[in-house]
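See below for the structure under consideration.
The values are calculated or read from the model by the stated rules, or taken from the named source; none is laboratory data. No experiment lies behind these values; they were computed from the predicted model shown. Glycine gets a Cβ as well: all are built from the backbone with ideal geometry, and neighbour counts include every protein chain shown.
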Amino acid sequence: MKLFQKFTSAVTSAVLTASMLACGSTALFTNTNAADKDAIQIVNEMGMGWNLGNTFDCWGTRGWTTDTETAWGNVTTTQDMITAIKASGFDSIRIPVTWYENITDPATYDIDDAYLARIKEVVDYAYANDMYVIVNMHWDWESGGSLWLNKGADALPQYKAMWTEIANYFKDYDQHLVFESMNEVTFDYDVLNNFNQSFVDLMRESGGNNANRLLLLAGKNDDLAQTCSDSYVVPDDDMVAVSIHYYTPSTFCVADINASWGHTETWGTETEIQDVYNNFNKMKETFVDKGIPVIVGEYGVLTTEKDQKDRDDIKLYLNTVASTALAIDGLSAFLWDAGNAGDMQFFDRKELKWFDPTIENVYKNLKQNGAGIKFEYTSTKEVTIPLAEYKDEYGYNVNVAGYGANGEKLEKVILNGKLTGEEEAGYGIGFSATREGQSGVWTAETASVDSSGTGTAIFDGIFSDDEKGDIPYEFEFSYLQIQNWWGGTADLDSITLVFDKGVTTVTAVKDDTKPTPPDTTAPTEPDTQPDTTAPTEPDTQPDTTAPTEPDTQTPPVNVLWGDADENGKVEILDVVLMNRVYVGVDKISDSGKKNADSDQDGKITLSDSMNVLKLLVHLLEQKDFPIQAE
């Protein structure tokens, strides 16, 4: 390392440390003013996200100690860990947090101050890398369990009390902090909608930056089909996003080798990739096109050897999901990573490197080159789907989650094929529906394939139950399970979906447009302590690299460029002062502002302080430091 590089590190560390002491780390390292962005723009800036999984979300460890964070086998989270994630191409981090076991008073639901302080430390790690960060309420409920959120509507007082405390604790953080209401709750729609509305109300009432903070609202079980439903109500607020998790197809993503409901080791056919496009387009049509961004808070694939997933197909799946989200305005996707202790392991937190470097390259390439695809859209009332790739041991399980985003009704399903005998072949077409106020209820219609090779099932919205009679249903666009129930057999090659009005079909085409390069003027890997290491001796060979020049724009007449404190010379303390002005803890005179405004845009930003810092480093190299007024 050359002396030039060492000096840069030491100066940067001194500047940042002085500024942090002056005002704390909050918002210091941001190079964009998120307060000026709308919800769609913020989610676009979030880019690719990463989950700090199996860490603060662990439970069964009542009472906060430092062992709580590592109870599920991961190491203590560090600044270096988050810095490494940033370097891999991620601009956002989601911190799943379980709160209920870390309260000190069960009567008031007060959260342990030490626990809040530790969450703040990790939030600050993300801020120090100019990252967005999501903090949620994660495993405060369990499927079929008895945790406090399982009380449903009766849990609302505790829910509001705990979120109010969290909101007040972080109210001064800028818009790079996002709060997420809950995680994968299975509440009835009415209860879920009420919780989400209460969450928005209490955040806005808490004041500070919470008055306009982006809020991420829990979907119905964070499931695509159940959340993209008319029964799911988004509060009337301009700064909200919707949470949906994406582990589709589940047989590949989350089914282990012993799963009774199916297990696949491979993924990546043309149809499977098209399903991703269709499903993400449904999120777009249901929410984003109405001004409500979507954050795919989790996606991933089992990675352990016992799960037997094809390694190349894992990479293809991750690349497909991440690139599809990048290609759609108002969508951001977060990789679920259990670290060193779980069944989805990507980043080795002990060694600060990826278990599979080629997966890291997937994200680095997307960060550098962009999604590489863009989408074209058409509208049609009839969609024909080939069945070959949907065949399973029970029949055909067809993914139709990507349709019905704008209230379209499925009127018919036509089976296309060839009768293999003289007797008609009877088929049951099962699906998920909402019946009697309950979502996800298995329902079916029937069709008979005759000698013409076709059979039609009418989706009239009425299910005939042997005991209850006719029951209205609302078709949930998730799957169609097609099975041979009676009579003869047929070779089916496709089905045709017939809608009451046009549905959108999506086609991916190549996009060579590269993303705008990141702003490199803002520091992304600051030291939190001054560098006390002895300087490395310079190389014996002369350094012929041209020094980095500051902005060469000529400052105004009678202005000493960079002299923010107007003491007649330009030195490191001027850079410190400029940072303090930028974060709002100090002020300077109009003439000092002219000195500090290196790019003459009328305001003091990190770009100005970095330009002056570059100038000082260059002058040190030239042994002409500091600049003195004549």
Considering segment 236-269, residues that are acidic (Asp, Glu) and without any contact (Cβ under 8 Å) to a residue 60 or more places away in the chain, and then whichever is surrounded by the fewest Cβ atoms within 10 Å (Cβ to Cβ), we arrive at Asp236
Does segment 372-396 hold any residues that are surrounded by 15 or more Cβ atoms within 10 Å (Cβ to Cβ), among the aliphatic types (A, V, I, L, M) and more than 21 Å from the chain's Cα centre (by Cα), and which are they? Val383, Ile385, Leu387
Do any residues in segment 452-474 that are under 16 Å from Trp442 (Cα atoms) have Cβ atoms under 6 Å from those of residues that are basic (Lys, Arg) and outside any loop (DSSP other than H, G, I, E, B), where the two are at least six apart or on different chains, and which pairs are they? Ile471/Arg435; Tyr473/Arg435
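I need the strands (runs of 3 or more DSSP E) fully contained in segment 366-480, keeping only those with at least 3 residues that are within 30 Å of Ser323 (Cβ to Cβ), among the small types (Gly, Ala, Ser) and in the same structural domain as Thr324 (by TED's automatic domain parsing).
none
From the list Asn369, Asn365, Asn399, exactly one residue is on the phi < 0 side of the Ramachandran plot and surrounded by 21 or more Cβ atoms within 10 Å (Cβ to Cβ). Which is it?
Just one listed residue meets the conditions, Asn399.
Results for (1) without any contact (Cβ under 8 Å) to a residue 60 or more places away in the chain; (2) polar (S, T, N, Q); (3) not in a helix (DSSP H, G or I), shown as yes or no for each residue.
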residue: Glu272; (1), (2), (3): no, no, no
residue: Tyr277; (1), (2), (3): no, no, no
residue: Ile292; (1), (2), (3): no, no, yes
residue: Glu298; (1), (2), (3): no, no, yes
residue: Leu302; (1), (2), (3): yes, no, yes
residue: Lys306; (1), (2), (3): yes, no, no
residue: Lys315; (1), (2), (3): yes, no, no
residue: Asp329; (1), (2), (3): no, no, yes
residue: Asn340; (1), (2), (3): no, yes, yes
Just one of (1) crowded, with 17+ Cβ neighbours inside 10 Å; (2) among the β-branched types (Val, Ile, Thr); (3) outside any helix (DSSP H, G or I); (4) at pLDDT 95 or above trips up Val233, so point out which. (1)
Of the conditions (1) surrounded by 20 or more Cβ atoms within 10 Å (Cβ to Cβ); (2) over 30 Å from Arg435 (Cβ atoms), Cys228 satisfies every one except a single condition; which number is it? (2)
May I ask you to say which residue of Thr324, Thr358 is crowded, with 22+ Cβ neighbours inside 10 Å and of a type in the set (Val, Ile, Thr)? Thr324
One residue from Asn74, Asn33 being modelled with pLDDT of 90 or more, of a type in the set (S, T, N, Q) and within 25 Å of the chain's Cα centre (by Cα): Asn74
Considering every residue within segment 99-112, establish whether at least one is touching a His at 6+ places or on another chain (Cβ under 9 Å) and either surrounded by 19 or more Cβ atoms within 10 Å (Cβ to Cβ) or at pLDDT below 95 (or both). yes
Listed residues Leu318, Leu326, Leu331; which is more than 17 Å from Ala241 (Cβ to Cβ) and among the hydrophobic types (A, V, I, L, M, F, W, C)? Leu318
Flag if Ser478 is over 42 Å from the mean Cα position of the chain (by Cα) and of a type outside the set (Asp, Glu): no
Any residue at all in segment 261-270 that's at pLDDT below 95, farther than 16 Å from Ser229 by Cα and among the small types (Gly, Ala, Ser)? yes
Here are Gly89, Gly144: which of them is at positive phi and at pLDDT below 90? Gly144
Right, Val200: modelled with pLDDT under 95, farther than 18 Å from Val97 by Cα and part of a helix (DSSP H, G or I) or not? no
Quick one: Gly219 ticks every box in (1) touching a residue at least 40 places away in the same chain (Cβ under 8 Å); (2) assigned by TED's automatic domain parsing to the domain that holds Tyr363; (3) buried (at least 23 other Cβ atoms within 10 Å of the Cβ) except a single one, so which number is it? (1)
Please work out which residue is modelled with the lowest pLDDT, limiting yourself to segment 176-197 and to residues that are of a type in the set (S, T, N, Q) and surrounded by fewer than 22 Cβ atoms within 10 Å (Cβ to Cβ). Thr186
